[in-house]
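Novice: Below are the structure tokens for one structure; questions will follow.
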Amino acid sequence: MNQLEAVTFDVTGTLIHCPRMAEIYSEVLGRHGIVANEEDIRRLFPVVWQELDCRTPSGRDRFTDHPDGAIGWWGRLIERLCELLATAPPTPFTVAELYHRFAMPSSWEVYSDTRAGLRALERLGLRLAVVSNFDERLSEILAGLSLADHFEEVLYSAQLGIAKPDPRFFHHCLSAMEVKPGAALHVGNRRLEDVEGAEAAGMTAILIRRTGEGPGCTDLRELAHRVAGMLPGSPYAAV
């Protein structure tokens with residue numbers, strides 16, 4: 001590995017999360033006459049996500065693959081969720097409201113360690129960027145959560161039509177930053193998309209394991225300490 005210059009980040013499950021996801025779905029569906037309790041939504045949502053995810057070839061962007069783009073893909077997810085919930089199907093208005101709700105920064109939460117971890121990495125002189133399998137709402141969300149200013153580049157899969165773990169996605173970001181893969185580290189919470197994808201691109205990768213299980217770092221504070229150890233001679237400013 002060359003001297004570390006840059007760190008790229010996944011977003012969901014790494015920097016931010018959506019603990020109120022099931023509550024928001026239940027609220028919006030209910031307003032449109034579809035009764036669904038939060039427990040069932042929480043249980044079935046990962047099932048539907050995995051089902052739809054399997055239909056997109058690895059490295060292809062799920063949103064641009066859909067003929068109606070991101071809102072079409074999410075519409076199908078909501079429709080399938082309602083099928084498994086055995087409710088009436090969602091209307092286009094239901095889908096539009098849910099899509100809008102998750103474009104709102106207030107629907108998301110920044111992990112408690114995220115800001116301090118990003119500041120610590122910046123104090124180490126590192127350049128930061130985002131590489132995320134996300135749609136066009138991402139930039140607005142990061143800006144609304146006051147995170148956007150930390151990042152030199154924000155790339156999301158719907159921009160390029162390719163997604164992690166495709167190494168080209170990482171290379172697009174590093175090329176824009178004029179950083180060689182060997183001088184970059186990627187951080188994310190998924191082994192295939194984040195770790196294996198980044199390593200295939202020639203980068204170093206660290207897994208964020210917020211559940212506390214397995215190898216990697218539990219949060220961005222721990223990450224900053226580990227990264228400091230990769231920079232011989234660099235003074236580490238305490239988080």
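Condition check ((1) polar (S, T, N, Q); (2) under 26 Å from L223 (Cα atoms); (3) in a loop (DSSP other than H, G, I, E, B)) across all residues:
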position	(1), (2), (3)
G75	no, no, no
L81	no, no, no
A116	no, yes, no
S139	yes, yes, no
S146	yes, yes, yes
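Novice: Could you check L142 against (1) within 20 Å of L4 (Cβ to Cβ); (2) touching a helix residue (DSSP H, G or I) at 6+ places or on another chain (Cβ under 7 Å) and say which number it fails?
Specialist: (1)
Novice: Does any residue in the range 197-221 that is in contact (Cβ under 8 Å) with a residue 24 or more places away in the chain and within 13 Å of T8 (Cα to Cα) come within less than 6 Å, Cβ to Cβ, of a residue that is open to solvent by less than 20 Å² (accessible area, probe 1.4 Å) and aromatic (F, W, Y) six or more places away or on a different chain, and which pairs are these?
Specialist: Close Cβ pairs satisfying both conditions: A198/F170; A201/F170.
Novice: Can you report the number of residues in the range 138-165 which are crowded, with 21+ Cβ neighbours inside 10 Å and among the charged types (D, E, K, R)?
Specialist: Total satisfying the criteria: 1.
Novice: Kindly establish whether T87 is part of a helix (DSSP H, G or I), of a type in the set (V, I, T) and over 23 Å from I162 (Cα atoms).
Specialist: Considered against the rule, which asks whether it is part of a helix (DSSP H, G or I), of a type in the set (V, I, T) and over 23 Å from I162 (Cα atoms), T87 comes out as no.
Novice: Consider V195 against the criteria (1) in a helix (DSSP H, G or I); (2) at pLDDT below 95; (3) surrounded by 15 or more Cβ atoms within 10 Å (Cβ to Cβ); (4) not aromatic (F, W, Y): it satisfies all of them except one. Which criterion is unmet?
Specialist: Condition not satisfied by V195: (2).
Novice: Do you know which residues across the range 142-165 are acidic (D, E) and touching a strand residue (DSSP E or B) at 6+ places or on another chain (Cβ under 7 Å)?
Specialist: E152, E153
Novice: If we keep just the residues of the range 166-182 that are touching a strand residue (DSSP E or B) at 6+ places or on another chain (Cβ under 7 Å) and farther than 14 Å from D10 by Cβ, which is surrounded by the most Cβ atoms within 10 Å (Cβ to Cβ)?
Specialist: L174
Novice: Here is a further query. Being open to solvent by less than 10 Å² (accessible area, probe 1.4 Å) and part of a loop (DSSP other than H, G, I, E, B) is the filter here; which residues of the range 5-31 pass it?
Specialist: Result: V11, T14, L15.
Novice: For the range 212-233: of the residues being open to solvent by 50 Å² or more (accessible area, probe 1.4 Å) and charged (D, E, K, R), which is nearest to A116 (Cα to Cα)?
Specialist: Within the range 212-233, the match that is nearest to A116 (Cα to Cα) is R221.
Novice: Within the range 32-49, how many residues are touching a residue at least 40 places away in the same chain (Cβ under 8 Å), more than 18 Å from M104 (Cβ to Cβ) and not in a helix (DSSP H, G or I)?
Specialist: Number of matching residues: 4.
Novice: Would you confirm whether or not the range 75-82 contains a residue that is of a type in the set (A, V, I, L, M, F, W, C) and open to solvent by 20 Å² or more (accessible area, probe 1.4 Å)?
Specialist: no
The values are calculated or read from the model by the stated rules, or taken from the named source; none is laboratory data. Quantities reported herein were computed from a predicted structural model and do not represent experimental measurements. All Cβ positions, glycine included, derive from the backbone under ideal geometry; neighbour counts span all protein chains shown. Each accessible area value is taken on the protein alone, full model and side chains, heavy atoms only, with ligands, DNA and RNA left out. Shrake-Rupley method; radii C 1.70, N 1.55, O 1.52, S 1.80 Å.
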